[in-house]
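First up is the structure itself, then whatever we jot down about it.
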Amino acid sequence: MINYVTGKEYTGMNAEALAAAGVDAVVTFKQATKSLGIAGAKLKGLKACAKLVMFKEDEDGEKKPRFFSVFDASEVLARV
């Protein structure tokens, strides 16, 4: 399970969530619109394949979870 745009492989619980979804490559909405140049209107109605989590440090040095949805890259590319 890799990110289609960055080529990086997901690890930990994110990899488990993607394995359960049965996808090989994913993209976020922002990556689809900015990096791939797909209009947001073309992505309307596309269902997210998984919800992943990323931990970011805030000003106090405390790690906070940030959740984001990802889409199957093959379904996104089919809408071009």
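The values are calculated or read from the model by the stated rules, or taken from the named source; none is laboratory data. All figures in this text were calculated on a predicted structure; none of them were measured in a lab. Here the Cβ is made from the backbone with ideal geometry for all residues, glycine too, and neighbour counts use every protein chain on show. Just the protein is used for accessible areas: all its heavy atoms, side chains included, with ligands, DNA and RNA removed. Shrake-Rupley method; radii C 1.70, N 1.55, O 1.52, S 1.80 Å.
Output the residues belonging to region 44-61 that are exposed (fewer than 10 other Cβ atoms within 10 Å of the Cβ) and not in a strand (DSSP E or B). Listed by number, the residues that qualify are LYS44, GLY45, LYS47, ASP58, GLU59, ASP60, GLY61.
Residues that are at positive phi, outside any loop (DSSP other than H, G, I, E, B) and loosely packed, with under 13 Cβ neighbours inside 10 Å: does region 1-13 have at least one? Yes, because at least one residue in region 1-13 is at positive phi, outside any loop (DSSP other than H, G, I, E, B) and loosely packed, with under 13 Cβ neighbours inside 10 Å. Restricting LYS30, LYS64 to residues that are in a helix (DSSP H, G or I), among the charged types (D, E, K, R) and without any contact (Cβ under 8 Å) to a residue 12 or more places away in the chain narrows the list to LYS30. Of the residues making up region 14-34, those that are closer than 16 Å to GLU75 by Cβ and either open to solvent by 60 Å² or more (accessible area, probe 1.4 Å) or not β-branched (Val, Ile, Thr) (or both) are LEU18, ALA21, GLY22, ASP24, ALA25, PHE29, GLN31, ALA32.
Among the residues of region 67-80, just one is closer than 12 Å to LEU43 by Cβ, part of a strand (DSSP E or B) and among the hydrophobic types (A, V, I, L, M, F, W, C), namely PHE71. Restricted to region 67-78, and to residues there that are touching a residue at least 40 places away in the same chain (Cβ under 8 Å) and among the small types (Gly, Ala, Ser), the residue that is surrounded by the most Cβ atoms within 10 Å (Cβ to Cβ) is ALA73. From the list ALA25, ALA50, the one residue that fits, being within 14 Å of VAL5 (Cα to Cα), under 13 Å from the mean Cα position of the chain (by Cα) and of a type outside the set (D, E, K, R), is ALA25.
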